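K.L.:
Below: one structure in structure tokens.
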Amino acid sequence: MRLGLHDDRRAEACALAIEAAGAAELVVHARTKAHGYRPPAYWERIADIRQVVRLPLVANGEIWTVADALRCQQVSGCQSLMLGRGMVANPALARGIRAAMWVDQLDTESADLSWPQLMALIAEFWRLVCAHLERDQQTGRLKQWLNLLRRVYPQAQTAFDAVRTFHDPAAVESWFKAQALPDVSS
Ligand SMILES: Cc1cc2nc3c(=O)[nH]c(=O)nc-3n(C[C@H](O)[C@H](O)[C@H](O)COP(=O)(O)O)c2cc1C
């Protein structure tokens with residue numbers, strides 16, 4: 001649930017109704033519909049909801065970094081988090097958060113994805129997009145991901161600039177072919 005439609009006055013009542021209806025857990029996106037996706041997210045309102053319900057709560061909204069995640073846990077009182085755009089912008093974010101929460105995993109799992117590693121995933125994503133989406137939706141879907149990735153990766157800005165005017169998937173295909181894609185299979 002979000003905190004409400006136009007305001008958050010009934011957030012607790014909504015959570016209680018969801019609990020009464022038998023939900024096993026509840027994810028709270030800590031904004032109203034009117035807030036859209038504008039920062040901030042009001043994680044403290046999740047702590048308010050925690051006061052009135054017993055069912056497990058999951059905090060969501062505006063978690064872009066490991067530091068955001070730790071602050072969200074602290075403010076909301078939730079151990080469990082749900083990642084939206086932050087995970088799209090940085091596919092290694094969940095791994096980084098897990099490493100920060102369980103420090104013994106830091107050595108093996110805290111590393112961010114390098115751009116070459118990510119580029120291999122983008123190429124795989126493009127292959128899936130071409131296999132499953134209508135032709136007129138394909139370039140847009142790639143641009144959506146690059147658009148969020150450029151928050152974290154400067155190279156994604158360059159890639160976004162290169163493909164932003166393309167509407168023909170064949171042009172994107174040529175662009176991919178011109179990139180030196182690393183072999184990251186080993
Ligand atoms: C790629 C993507 C897909 C999403 N799909 C859904 C969905 O199917 N249903 C839904 O209620 N919210 C969906 N959301 C919204 C998220 O669940 C989340 O509530 C919202 O993005 C706010 O979190 P954020 O600030 O971390 O992005 C989606 C978000 C993203 C980025």
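K.L.:
Please verify whether segment 86-99 includes one or more residues that are under 20 Å from ARG2 (Cβ atoms) and surrounded by fewer than 18 Cβ atoms within 10 Å (Cβ to Cβ).
P.N.:
Yes, there is a match, as at least one residue in segment 86-99 is under 20 Å from ARG2 (Cβ atoms) and surrounded by fewer than 18 Cβ atoms within 10 Å (Cβ to Cβ).
K.L.:
Continuing with this model, one more query. Within segment 32-66, how many residues turn out to be more than 13 Å from the ligand (Cβ to nearest atom) and assigned to a loop (DSSP other than H, G, I, E, B)?
P.N.:
7
K.L.:
With respect to ALA131, determine if the residue is of a type in the set (Gly, Ala, Ser), under 19 Å from GLN179 (Cβ atoms), not in a loop (DSSP other than H, G, I, E, B) and not assigned by TED's automatic domain parsing to the domain that holds ALA30.
P.N.:
No; evaluated as a whole, the condition is false for this residue.
K.L.:
For segment 79-98, which positions are within 10 Å of the ligand (Cβ to nearest atom), not in a loop (DSSP other than H, G, I, E, B) and not aliphatic (A, V, I, L, M)?
P.N.:
Within segment 79-98, ARG85, GLY86 qualify.
K.L.:
Report, by residue number, each residue of segment 1-31 that is closer than 21 Å to GLN74 by Cα and either in a strand (DSSP E or B) or within 13 Å of the ligand (Cβ to nearest atom) (or both).
P.N.:
The answer is MET1, ARG2, LEU3, LEU26, VAL27, VAL28, HIS29, ALA30, ARG31.
K.L.:
Need the failing condition index for HIS132 against (1) closer than 26 Å to LEU70 by Cβ; (2) modelled with pLDDT of 95 or more, just the number.
P.N.:
Against the list (1) closer than 26 Å to LEU70 by Cβ; (2) modelled with pLDDT of 95 or more, HIS132 comes up short only on (1).
K.L.:
Within segment 162-184, identify whether any single residue is closer than 19 Å to TRP64 by Cα, in a helix (DSSP H, G or I) and modelled with pLDDT of 95 or more, and answer yes or no.
P.N.:
Among the residues of segment 162-184, not one is closer than 19 Å to TRP64 by Cα, in a helix (DSSP H, G or I) and modelled with pLDDT of 95 or more, which makes the answer no.
The values are calculated or read from the model by the stated rules, or taken from the named source; none is laboratory data. This structure is a prediction, so every number in the text was calculated from the model and none was measured. FYI the Cβ positions are ideal-geometry reconstructions off the backbone, even for glycines, and counts take in every protein chain you see.
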